[in-house]
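> Starting off with a structure, shown below.
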Amino acid sequence: MTYEDFLRDKMELAEETGFRVSRDELHPCLKPHQKDSIEWALKGGRRAIFAKFGMGKTVMQIEFNRQVLIHEGGGRALFVVPLGVKQEFAHDAVELIGIEAPRYITSMEEAQADGMYITNYERVRDGNIDPKEFVSVTLDEAAVLRSFGSKTYQTFLQKFKGV
């Protein structure tokens, strides 16, 4: 066995749980790097896109959820964000993608119809919103989850198990 074979045996690749889309199906406003990221994330299913400020993460999340809803034939999608950025999602949804802005919710009772919803981390952490009730969930601002010992991080580990 070569050293390369030894290393290859140690690798664990994430299972692909998503679906494929053609680049032509993605919104034309997207830049090539955004289309690449979305294609990869949709194919993988459970993926994290870590992109620097200014790379268009918000529009990528919107298009990701839009494609999942198309693929599923409807359902509900959720954006979990710090409260201060919900206006960016509304702007990008309407102005760039040309769809209705995600509706802000504080409880599951407000999310009865199919469509895109947006809420803040605390609503999910404290149990007002159940991520398992959505066909797609994206988390914005990874910094919120960086502190392994925080209440939010520890709670999200359990809430998103199997999502």
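The values are calculated or read from the model by the stated rules, or taken from the named source; none is laboratory data. It should be emphasised that the depicted structure is a prediction, and the values quoted were computed from it without experimental measurement. Glycine also receives a Cβ, built like all others from the backbone with ideal geometry; neighbour counts cover every protein chain displayed. Accessible surface is based on the protein model in full, side chains and every heavy atom, while ligands, DNA and RNA are left aside. Shrake-Rupley method; radii C 1.70, N 1.55, O 1.52, S 1.80 Å.
> Here is a list of conditions, (1) open to solvent by 60 Å² or more (accessible area, probe 1.4 Å); (2) part of a helix (DSSP H, G or I), and GLN34 meets all of them except one; can you say which number that is?
The single condition GLN34 does not satisfy is (1).
> If you take the residues of region 47-60 that are without any contact (Cβ under 8 Å) to a residue 60 or more places away in the chain and β-branched (Val, Ile, Thr), which of them is least open to solvent (accessible area, probe 1.4 Å)? Can you show your working first?
Going residue by residue through region 47-60, those that are without any contact (Cβ under 8 Å) to a residue 60 or more places away in the chain are 47, 49, 51-56, 59-60.
Those still in the list that are β-branched (Val, Ile, Thr) too: 49, 59.
Values: ILE49: 59, VAL59: 8 Å².
Only one residue tops the list, namely VAL59.
> Next question. Cβ-Cβ under 6 Å, sequence separation 6+ or interchain: first residue in region 73-99 and closer than 13 Å to THR138 by Cβ and touching a residue at least 60 places away in the same chain (Cβ under 8 Å), partner of a type in the set (A, V, I, L, M) and open to solvent by 10 Å² or more (accessible area, probe 1.4 Å). Which pairs?
Note: pairs meeting the criteria are ALA77/LEU69; ALA77/MET116; LEU78/VAL137; VAL80/LEU139.
> Continuing with this model, one more query. Of the numbered conditions (1) surrounded by 18 or more Cβ atoms within 10 Å (Cβ to Cβ); (2) basic (Lys, Arg); (3) more than 13 Å from the chain's Cα centre (by Cα), ARG76 fails exactly one; give the number of that condition.
(3)
Residue-by-condition table, conditions (1) of a type in the set (Asp, Glu); (2) under 25 Å from GLN112 (Cβ atoms); (3) out of contact with any Ser or Thr (no Cβ under 8 Å at 6 or more places or on another chain):
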site: HIS33; (1), (2), (3): no, no, yes
site: ALA41; (1), (2), (3): no, no, yes
site: ARG47; (1), (2), (3): no, no, yes
site: PHE53; (1), (2), (3): no, no, yes
site: VAL59; (1), (2), (3): no, no, yes
site: PHE64; (1), (2), (3): no, yes, no
site: GLN87; (1), (2), (3): no, yes, yes
site: ILE97; (1), (2), (3): no, yes, yes
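> If GLU63 meets every condition in (1) of a type in the set (Asp, Glu); (2) open to solvent by less than 30 Å² (accessible area, probe 1.4 Å); (3) part of a loop (DSSP other than H, G, I, E, B) apart from one, which number is that one?
(3)
> Show the residue pairs meeting these rules: Cβ distance below 6 Å; 6+ apart or different chains; first residue within region 32-44 and farther than 13 Å from GLY18 by Cβ; second residue assigned to a helix (DSSP H, G or I) and open to solvent by 70 Å² or more (accessible area, probe 1.4 Å).
LYS35/ARG23
> Would you mind telling me which numbered condition in (1) part of a loop (DSSP other than H, G, I, E, B); (2) open to solvent by 90 Å² or more (accessible area, probe 1.4 Å) THR106 fails?
Going through (1) part of a loop (DSSP other than H, G, I, E, B); (2) open to solvent by 90 Å² or more (accessible area, probe 1.4 Å) one by one, THR106 breaks only (2).
> What number of residues within region 116-163 satisfy the criterion of being within 22 Å of ILE99 (Cα to Cα), open to solvent by 60 Å² or more (accessible area, probe 1.4 Å) and either in contact with a Pro (Cβ under 6 Å, 6 or more places away or on another chain) or part of a loop (DSSP other than H, G, I, E, B) (or both)?
Qualifying residue count for the region: 1.
> May I pose another question? Looking at ALA101, ALA113 in this structure, which one is among the small types (Gly, Ala, Ser), surrounded by 13 or more Cβ atoms within 10 Å (Cβ to Cβ) and not in a helix (DSSP H, G or I)?
ALA101
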